[in-house]
Structure formats: C-alpha cells, structure tokens
Amino acid sequence: MLYQRSSSLFKAAQKVLPGGVNSPVRAFKAVGGTPLFIQKAKGAYLTDADGRQLIDYVNSWGPMILGHAYPTVIEALKRKAEKGTSFGMPTEIETQVAELVVQMVPHIDKIRFVNSGTEACMSAVRLARGFTGKDKIIKFAGCYHGHSDSFLIQAGSGALTFGTPNSPGVTQGTAKDTLLARYNDLESVQTLIEEHRHDIACIIVEPVAGNMGCIVPEKNFLKGLRKLCTANDILLIFDEVMTGFRLAKGGAQEVYKVQADLVTFGKIIGGGLPVGAFAGPSKIMDYLAPEGPVYQAGTLSGNPLAMAAGFALLQELHEHPEHYTALADKTAYLNRGLQELFTMHSIPHQINRVGSMISVHFTPDPVVDFSTATKGNNPLFTQFFHGMLAGGIHLPPSAFESWFLSDALSYQDLDYTLEVCEQLAKEMKK
Ligand code: HOZ
C-alpha cells in the first residue's frame, strides 16, 4: 500500500491534533484519501513517510524557490544555531536583512519583521487604520490574507476549500468593517468607495491571486486600484506573501510597475522559516511603536535563525536574478505541455500562470475571480490530483491553491511530470 506509514501517522495525529493537522489544507479533505506525512526533502524532491520520492510543486507553499534544504540556507542555519536560538533582544542580522530587502523591493524605506504572513497582513491593516484614522477595509472575494478575523470574509485558500469562507467566531462588529469587492472588477471597488467615501483606510489585494488557484490580474486592474486609492486617500496594501521575491526581486510592484503604500511578505523572507514582514515608506512605518502610536510586538520577531536563513536565500536571489528567468522558462514549458495534453484529450481546462505561479482550473471558461474559480470541476481535479500523486507528483491538495515551482526542478522532472499527466489524461472523465 502506497501510503501505509502516512496513514498510521495520520491516525495517531488525529487523536491529539484537531483533524490530525496544524493547518487545514494539509488534511486532504478537499481531495479525500490519506494526507502525506513528509520525512525529508532535498532540492526538487520530497520523501514521504513511506519512503517514496515525489517531485514537489508545493514547495512549502512558495518559499522553497530554489528547492528544499538549499545548501547556503542550511549552512547559515547551522552556524547561527551554534550561537543560541532566540534572545528577545536586537541582533545585527535583523538590520542586514532589512538593508537587503530595502535594496531589492521598490518604494520601501523600512520593514518590520513578524512571524507569519497572517501577522504581517493583520499588522499592516492595523497600521493603515492608525495612520489614516479610518476603520473600514476593502478586500476581494477569494483572496486570502491569513486567518486574522478581518480577513475571514469570503476568504480563499483552506477557508474556501472547506466551504467556510466566512468563519464562525468572527464577530459582526469585525465583519462590518470588511467590505468585499470582486477581483479584476474596478467598478465593484468604485461602488464601495462611493458608498463609504470617508471611512476606508485601505484596500488589501493579492496582486496575483494565489488562494483561489492562480488568478492573473487583468491589464489595468492594479493600476486602477492605485488611482482609486490615491484619489480617495486610501492606502493600497499589496499582500506579497506569495508573490514577494517569487515573481521578481521586487515582487509584483516591480513586475506590474505599480507602487503600493504597504507590502506584506511571508515565509520566503525567512528562507522558509516562520517569518513574515510588512514594509513601506518611513512616513507610514514610523507610525509604528515605539516610534509612533500603532502597537505591534513579538518575542520571536526578527528571530536570529529565521533571519540567517532569510539572508542566505535573499542574497542568492539578489546576486543571481537569472533564477527568475530560469523559473519562468520552466513554468512556461510545463504550461505548454499541460495545455497540449488537455487539449489533445478534450479536457475542458484553463491554465493560469504568472512567472513561476501556475494552476489548472478544470472549466471551459476563463477564471478571473472568485465566482469563476468556484465553477471548476472539483471531482475532475480530485481525480487529477490523486493520479498525479500516485505517479510521484506532489501538487497542492486543493483546486483553490496555486502551484509553486522551484529552480531545483530539471527539465527531466518536468518531462516526467508531463508523462504522468499524459497517462492520466487518457483516463480522465471528460
Ligand atoms: N493556506 C495555506 C496555503 N495558501 C496552506 C498552509 C499550510 O497548510 O501549510
């Protein structure tokens, strides 16, 4: 049996962890079957608890952009760990990572490190509210900005996967301050602004959506948001937890040439360790405690291990931007191959891709927002997911997640992935 050990580990986990996991998507509920338990990973490959090697297209949901256990990251971690793992006091490496990020990302002067993307988005919104003196925020249906209360309103990712995009436990009081617009629909944003003209502190958006599958921003969508924000004294927050340092050194701001007022980052800024951050110009960032009145804090913020790993990874990306070209080429190659196979076998599909973020939606119609994303054929996705897994390909266990490629993938890995897909496509129900 393929998943014997994973299955017994899952049974043990279910006794002591709610649902047997520490983050819902991992439980495989959307696709059924036994969640994979991972033993180790190196480069482009995972080894599961049953000792099977799998080609990884999840890459810890993005940060392993150069592959797992990247040598300079591991070396930096080992060296740092010898010197102690947490002090709750400032260390030099925090400034070094901050200096590097300020060089790589456009339009930011200062950065605050936190422990996750959730914390980063939650804190950025608090700062936007404090800075503007306004309460309401606009988010987009199907976008996911972590699990802080304000964002669990038509949220994507696991919340969407499990049919609870509006989570119980979020109070009416909180929910009323989150206004919902449609992704790629500037008119829906304009209408909300007209209705709440003096009350909106910020618009938060995933510049490339990755939590309802991958969704590409239409031409002028991000530029249009910028214009609306500027005209109405609203701060624009780019949630770059997925796109930051992945699409380009400077993330989506660089790719789409749109300036955000605040940007948020996730685990990639810690080389895959538990780190998040938010950043912006001094004028806004100095509104944070201890300089300003908006409070935000954390003992593990700027943790030396996380900073060491992040510095090693970001430095490699900074010094070798050719990784981005290689990644985009590899992802385009996969895109073309998948497209040919599904077309040849008359399987209705859409493939959305930006750089090294890509996903397959099993629907004949373009997928541009929450409503079109939810029209995908989920039973077909489930069949695809399990077929690929049985063939040794690890994809996200939900149609509502982006795939993330790593530069450790070889063209042989991609060809093998397409071979597995070809076998499967012949059997997939139309
Ligand atoms: N919701 C996360 C991806 N968008 C998955 C987190 C995890 O299970 O690690």
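Within the listed set ALA312, ALA12, ALA328, the Gaussian network model of the chain (springs between alpha-carbon atoms below 10 Å) gives the highest mean-square fluctuation for ALA12.
Where nothing but the Cβ of Lys and Arg (+1) and of Asp and Glu (-1) is charged, how large is the charge dipole of region 144-273 around its Cα centre, in debye to the nearest 20? Mind dumping the intermediate values first?
On the way: 11 positive and 14 negative charges, 88 e Å.
I would put it at about 420 debye.
Quote the charge dipole size of the chain about the Cα centre in Debye, to the nearest 20; the model charges only the Cβ of Lys and Arg (+1) and of Asp and Glu (-1). Before the final figure, lay out each step's value.
On the way: 38 positive and 41 negative charges, 161 e Å.
So the dipole magnitude of the chain works out to roughly 780 debye.
Would you kindly state how much longer the chain becomes between ASP329 and ALA231 on full extension, computed as 0.36 nm times their sequence separation minus their alpha carbon distance, in nm to one decimal? Before the final figure, lay out the partial values.
Working: separation 98, 0.36 × 98 = 35.28 nm, distance 3.82 nm.
Full extension from ASP329 to ALA231 adds 31.5 nm.
Rounded to the nearest whole Å², what accessible area per residue is found for the chain with the 1.4 Å probe?
Value returned for the chain: 41 Å² of accessible area per residue.
Around the Cα centre of region 226-289, unit charges on the Cβ atoms of Lys, Arg, Asp and Glu (plus for the first two, minus for the last two) sum to a dipole of about 200 debye. Quick check: from the Cα gyration tensor, does region 17-105 come out rounded (a/c under 1.5), prolate or oblate? Cα axes put region 17-105 in the prolate bin.
Projecting the Cα atoms of LEU152, VAL97, SER86 onto the charge dipole of region 67-166 (Cβ charges, centred on the Cα centre) puts LEU152 farthest toward the positive pole.
Among the chymotrypsin sites (Phe, Trp or Tyr not before Pro) within region 57-149, those in coil by DSSP and having at most 16 neighbouring Cβ atoms inside 10 Å are PHE87. For the set LYS83/LYS267; LYS330/LYS375; LYS29/LYS134; LYS11/LYS249, the pairs lying more than 31 angstrom apart at their alpha carbons are LYS29/LYS134; LYS11/LYS249. Amide H contacts under 5 Å for ILE138: LEU179, CYS202, ILE203, ILE204, restricted to partners 5 or more places along the chain or on a different chain, H placed in the peptide plane at 1.01 Å from N.
Okay, helix-only estimate at 222 nm for the chain: each DSSP H run of n ≥ 4 adds -39500 (n - 2.57), divide by all residues, round to 500 deg cm²/dmol; what do you get? If you can, show how the numbers build up before the last one.
Numbers: 15 runs with 166 residues, N = 430.
-11500 deg cm²/dmol, from helical runs alone.
Computed in the context of the full set of protein chains, the accessible area of region 355-395 at 1.4 Å probe radius has 62% of its extent on carbon or sulfur.
Remark: spin-label model distance GLN103-ASN166 equals 4.8 nm, labels positioned 7 Å along the Cα→Cβ axis.
Counting 0.36 nm for each residue step from ARG336 to TYR411 and taking away their Cα separation leaves a gain of 25.7 nm. Between GLY302, HIS318, VAL354, the Cα set farthest toward the positive side of the dipole of region 271-430 (charges on each charged residue's Cβ, about the Cα centre) is that of VAL354. The residue among CYS202, VAL216, SER6 whose Cα reaches farthest toward the positive pole of the charge dipole of the chain, with charges on the beta-carbon of Lys, Arg, Asp and Glu, is SER6.
Just tell me, in residue order, which DSSP H segments of the chain are both 30 angstrom or longer along the helix axis (alpha-carbon based) and at least -0.5 in mean Kyte-Doolittle hydropathy. Walk me through the intermediate numbers first.
Details: long enough: 322-344 (33 Å, -0.39).
Helices meeting the span and hydropathy rule in the chain are 322-344.
Between GLN4 and TYR295, the C-beta separation translates, for a Förster distance of 41 Å, into a calculated FRET efficiency of about 0.25.
The values are calculated or read from the model by the stated rules, or taken from the named source; none is laboratory data. What you are looking at is a predicted structure, and each value in this text was computed from that prediction instead of being measured. For neighbour counting, all protein chains shown are included, and Cβ atoms are generated from backbone atoms with ideal geometry for every residue, glycine included. Accessible surface is based on the protein model in full, side chains and every heavy atom, while ligands, DNA and RNA are left aside. Shrake-Rupley method; radii C 1.70, N 1.55, O 1.52, S 1.80 Å.
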